[in-house]
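Working notes, structure below.
None of the figures in this text is laboratory data; all of them are computed from the coordinates on show. These figures come from a predicted structure and were not determined experimentally. As a convention, Cβ positions derive from the backbone with ideal geometry for all residues, glycine included, and neighbour counts pool all protein chains shown.
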Amino acid sequence: MNSFMKWFHKWGSPPWFYRVSGKMLPWLTGLFVITLVYGLYAGLVLAPADYQQGDSFRIIYVHVPAAWMGMFIYMVMAAAAVVHLVWRIKIADVVLISSAPIGAAFAFIALVTGSLWGKPMWGTWWTWDARLTSELLLLFIYLGIIALHSAVEDRQSAGRATAVLTLVGVVNIPIIHYSVVWWDTLHQGTTVMRLDGPAIAPQMLWPLLSMAIAFKLYYVIVMMLSARGEILARETKSRWVRELVGGE
Amino acid sequence: MSVWQAFIELLKRDLRLAMRRRAEIANPLLFFVMVIVLFPLGVGAEPNLLERMSAGVVWVAALLAALLTLDSIFRSDFEDGTLEQLLLSAQPLSVMVLAKVVAHWLVTGLPLLLVAPLLAMLLGMKSAAMGTLMLSLLLGTPVLSLIGAIGVALTVGLRRAGVILSLLVLPLYVPVLIFGAAAVDAAASGLPVAGQLYILAAFLAMALSLAPVAAASALRISLS
Amino acid sequence: MSVWQAFIELLKRDLRLAMRRRAEIANPLLFFVMVIVLFPLGVGAEPNLLERMSAGVVWVAALLAALLTLDSIFRSDFEDGTLEQLLLSAQPLSVMVLAKVVAHWLVTGLPLLLVAPLLAMLLGMKSAAMGTLMLSLLLGTPVLSLIGAIGVALTVGLRRAGVILSLLVLPLYVPVLIFGAAAVDAAASGLPVAGQLYILAAFLAMALSLAPVAAASALRISLS
Amino acid sequence: MTDLANSTVHLQADSVECSRDDRLLFENLSVEVSGGEALILEGRNGTGKTTLLRILCGLRRPDEGEVRWGGVPIEECAVDFHRHMVYVGHLDGIKRELTALENLRVLQTLSGRGRYSVEEALEAVKLGGFEDIPVHFLSAGQKRRAALARLLVTDARLWVLDEPFTSLDVHGIELVESLMDAHLSAAGALVMTSHHQVHLSAGVIKRLNLSEG
Amino acid sequence: MTDLANSTVHLQADSVECSRDDRLLFENLSVEVSGGEALILEGRNGTGKTTLLRILCGLRRPDEGEVRWGGVPIEECAVDFHRHMVYVGHLDGIKRELTALENLRVLQTLSGRGRYSVEEALEAVKLGGFEDIPVHFLSAGQKRRAALARLLVTDARLWVLDEPFTSLDVHGIELVESLMDAHLSAAGALVMTSHHQVHLSAGVIKRLNLSEG
Ligand code: HEM
Ligand SMILES: Nc1ncnc2c1ncn2[C@@H]1O[C@H](COP(=O)(O)OP(=O)(O)OP(=O)(O)O)[C@@H](O)[C@H]1O
Ligand SMILES: Nc1ncnc2c1ncn2[C@@H]1O[C@H](COP(=O)(O)OP(=O)(O)OP(=O)(O)O)[C@@H](O)[C@H]1O
Ligand SMILES: [Mg+2]
Ligand SMILES: [Mg+2]
């Protein structure tokens, strides 16, 4: 426990975060490119066309990972919110607010690709189905978090207020995930993330997983880049930033 | 002084204030009636058209009435320093918040509930749907007050909140609106409504247990 | 300092305030958009139904948006003592009142005018009716601000104005609503609209010449 | 500096009476103040000082009696009277969302240009450096200074002040007293209430205690 | 009268720091006050007295440092601290639509019963006869008295007051000073700001001037 807390505080220290994230970025970028290229090639070229949907099913390689990311990023933010409120670790606040726009972007992509897909499948761009509604809610909650953060002038209060809002919005996540189970929806049920193994052909599954990993790497990279900028801006007065800038 | 007594005292105070408050332009009941009466005037009074809109109109009016009065939960207390005193009181803040939310509901939600059947009749709603309308409002309007309290608590200290309160609160209101109106529509068409009502009840249970705590911590942040 | 300069300065101040004002929950534009977006959610999105309601919905939303923001014309100035200063100023009060009403219209009426076509389209209004919609709003919304100013001036000093403001103002608003919506409906059905528009123009001319003076003397009474 | 002597400065209340909620605050009260004179209203809390000030500047009509400016009832010469009078009350008429500078500029427009420019006035009340901050963020004393700066941007001959020293620190009080001295020496008139000692070195000082009588 | 001695009264700020809008108000500031002591904060307008008071009573967190009540950081003993502390600020927390009596009754409920009943407290601040009038109709000084009456209806050991004498007349000030004396002699503690001389005859008086340093 003690060493856990130590690790925790180490990551919580801005200079350490700045240094380590700087070292990690090139590696992450490399991995990202590899998984992305494999996922796209395998998904768009290698995988066979669906016997029902033809080629239009290939939008799955963007839709599903993007939808997962929208939820995953929110969970990361919620965790950061808890860390920030309970242990008052500054980095958590930076992670939270740097993640929000990325999460919003993924939620938006899931919505757009979903409705593009919905037109041929269901004959409509949009219905007030529980999964669709809750996903739209997710996008609005992201926007609300961003707006609240920019509206509170005091930086300390801004971080804590957005953390509370983030935690309030968490109730929406299980609703998104279980909406297909709880309600009789148009949207199809869980096929990949099932306890009894995925109900999907392996030629389709591998590219999908690869794309999912690529999206996660993309998130980590962008989040770190924006967090680094934010940290520098916040700590302009501190010694390590001055040394950093002076040393260049 | 026990927590319960403090709860009651604060509730009584808020109700008394609501009675005395001046220029309540956003008087929820009046607003509710106004929307529902102005509608036929603007749209033209075709009975068939009106009947098909009735559930939606009543629910939208209820939602707007709640939204427009949200600010009153904490704003005036913030401006005259009472909120500071609540924060510094020896009683748990979330209980105090709950008292204020209950007061808000009693002032904005309950009266709507009482006049809703009348107005729905005016719009030509089928009497078969009346019971469901009442029940859906009974379950739904407290959720509006509870969720709203979190939004107001988060934004009460802002100097340029602008439209943020609505932005925060509306998305969370939309599901209540959709399921509420859907229940009434289903009842009017003779379909089962238990599903929608259970969902509304679940919303209420969740809001009741989480909102006061969330609003209390939001208030602490907003005031610092 | 000339009257004209004072008019401009006050107008500029009110616009600046509107920009900075915090927690403008009754933000008219947002409210307008909200009503029009929530409607299909509550009523269900049948295109035919929506199209037939569109003129009425837009006009009711515009009327409510004006009504809900009326208070802002004088209330905050009353509460922080600025109204006393206006009364004690060396400039004619009715001109000052007109400046405040113009500011109110620029903040609440004009933006509606700009987004109305978009929202009407969303509700499926025929494009033939669009021009008439704009024109009717252009003539009608200033009347709402002008009449409203008299109402607020009469009630601003009251401590229990309660619903009085709405009761005073609404009866005068209803004709504007009826002729405005009727003009749009007529245009959508390809009927002539000049009659309704002339009537709206006459309302405007009358309100413009009488309202500032009436509101100014109402203010003097309210403050003593 | 504009010349103040070209019109007579003379405010007179003639046997005014006022009651609130059936409680008589004062009756048959006559006071007057002319250029170079300061009238200080004293009295215990709730005796009617604020009410009297509001009557004197025409915000409220007395139940009986009359208030005259240069011999003319103030209702009949409202515009002229208002051009020459400035009132700073408990409510300061300052918009919290606007900066001190923006607030003053509007107030100046309403009452006509005066001795100081808006910027100079803020400098004079020691708010230099805070011009561009919305008044909301100022401390209690700084808010009061912003309200009092209005006295300088007009060339009003009559100042009517309700507890001007509230929230001011010692330096602030001295500052305002020196502004009052300058006003009185320039043949201006002053009516004010205060619960504190007022140290004026210019002008004729009259006192009226509302608690007695 | 309840017994105040059964728990230690000790408030301590340990090297607190606060800045607003990048302007440093104070840093490395340590003060403490115990039963029978009065701490008077002085300083020019805008030096941060109000801000410090709000930090001391836990409404705001200091940027650095810590405030302790009986040795425990106040966030950790919030309920206990709040039960023993009463704060009257620039904003008085009084609802203008309610009468003084109704206001006090609510405030008493929030902070626990004390030495005086609500009616006695209003009598003590000389608002007898005005209990049933909405606060809105009271004069400035009467409003302030209604706010200060709260001090009497609790048995708080620590009073935190921001310019309590504002709007009060001479008698009002003497009255409040005598209440403070009684509080100090009963081993209560007091932190206050004031721009005026404070005449206390009981207790140990400490002064802190925020303008210096
Ligand atoms: C705007 C419309 C749509 C939205 C907002 C949406 C949203 C989502 C979301 C949020 C998920 C992630 C669920 C989770 O992990 O719990 C998801 C997964 C999925 N969606 Fe959609 N979707 C839409 C339309 C569609 C359409 C038209 C199809 C194809 C028929 C589709 C097929 C899928 C599939 C196959 C999954 C993966 C299911 C799993 O294994 O968990 N979606 N969608
Ligand atoms: N708006 C009002 N409506 C009715 N009565 C009022 C109003 N304002 C004040 N009063 C009453 O008039 C009396 C005189 O009030 P006023 O404000 O003139 O006193 P004051 O001498 O200025 O007192 P203070 O020194 O406290 O400022 C008070 O007793 C009060 O109750
Ligand atoms: N809400 C706020 N937000 C940002 N800055 C503020 C806020 N309130 C006060 N300040 C700033 O903090 C500084 C200190 O204010 P504070 O109110 O503590 O002063 P004070 O010592 O109480 O002054 P006074 O004697 O005038 O009451 C001021 O310069 C002010 O501009
Ligand atoms: Mg007074
Ligand atoms: Mg202060």
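Some points to look at:
- 0 to 90° range, to nearest 10: angle between helix B:164-188 axis and chain B longest Cα axis: 30 degrees
- Adding -39500 (n - 2.57) for every DSSP H run of four residues or longer, then dividing by how many residues chain A holds, sets the calculated 222 nm ellipticity at -26500 deg cm²/dmol.
- Here the label points at E:ASP80 and B:GLU51, each 7 Å from Cα along the C-beta direction, are separated by 6.9 nm in the simple model.
- Between A:LYS119 and A:VAL45, the FRET efficiency from the beta-carbon distance, with R0 = 35 Å, is close to 0.90.
- With a cut-off of 12 Å between beta carbons, the residues surrounding A:LEU85 carry a summed charge of +2, where Lys and Arg count +1 and Asp and Glu -1.
- Binning the C-alpha pair distances of segment D:59-213 at 10 Å intervals from 0 yields a P(r) profile of 10, 38, 36, 14, 1 %, listed from the shortest bin outward.
- Seen against the Cα atoms of chain A and their longest principal axis, helix A:155-169 is set at about 30 degrees.
- Counting every alpha-carbon pair across chain C, the share separated by more than 23 Å comes to 48%.
- Dipole of segment B:3-223 computed with +1 at Lys/Arg Cβ and -1 at Asp/Glu Cβ about the Cα centre; of B:SER54, B:PRO111, B:LEU83, farthest Cα towards the positive end is B:LEU83.
- Per DSSP, loop GluC sites (Glu not before Pro) in segment E:126-213 with at most 11 further Cβ within 10 Å: E:GLU212
- Computed [θ] at 222 nm, helices only, for chain B once each DSSP H run of length n ≥ 4 contributes -39500 (n - 2.57): -26000 deg cm²/dmol
- For chain E, built as a Gaussian network whose Cα springs stay under 10 Å, the top-fluctuating residue of E:LEU151, E:LEU11, E:LEU25: E:LEU25
- Each other residue within a Cβ distance under 11 Å of D:GLY43 adds +1 if Lys or Arg and -1 if Asp or Glu, for a net charge of 0.
- Look at the stretch D:98-110: the mean tally of other chain Cβ atoms within 10 Å of its residues' Cβ atoms is 5.
- Centre separation in Å (Cα based) which lies between segment E:8-76 and segment B:53-99: 32 Å
- Dipole magnitude (debye, nearest 20) for segment B:3-223, charges at Cβ of Lys, Arg, Asp, Glu: 260 debye
- Residue (of B:GLY42, E:ALA121, D:VAL33) at the positive-pole extreme of the protein assembly as shown, dipole from beta-carbon charges: B:GLY42
- Shielding score for B:58-71, defined as the mean number of other chain Cβ atoms within 10 Å: 3
- Mean residue ellipticity, 222 nm, helices only, chain E: the sum of -39500 (n - 2.57) across DSSP H runs of n ≥ 4, divided by residue count and rounded to 500, is -8000 deg cm²/dmol.
- The simple Förster model, with R0 at 35 Å and r as the Cβ-Cβ distance, assigns A:THR29 and E:VAL72 a FRET efficiency of 0.10.
- Links that overshoot a 31 Å alpha carbon limit, given the list D:LYS143/E:LYS206; A:LYS90/B:LYS12; D:LYS126/E:LYS95; D:LYS206/E:LYS126: A:LYS90/B:LYS12; D:LYS126/E:LYS95
- Rounded tilt (10° steps) of C:130-155 against the dominant C-alpha axis of chain C: 30 degrees
- Estimated FRET transfer efficiency when R0 is 60 angstrom, pair C:LEU15-A:TRP206 (beta carbons, to 0.05): 0.50
- The Stokes-Einstein estimate for segment B:102-224, based on a Kirkwood radius over Cα pairs and taken at 20 °C with 1.002 mPa s viscosity, is a diffusion coefficient of 138 µm²/s.
- Stretching the chain fully between A:SER150 and A:TYR178 yields a gain of 6.9 nm (0.36 nm per residue, less the alpha carbon separation).
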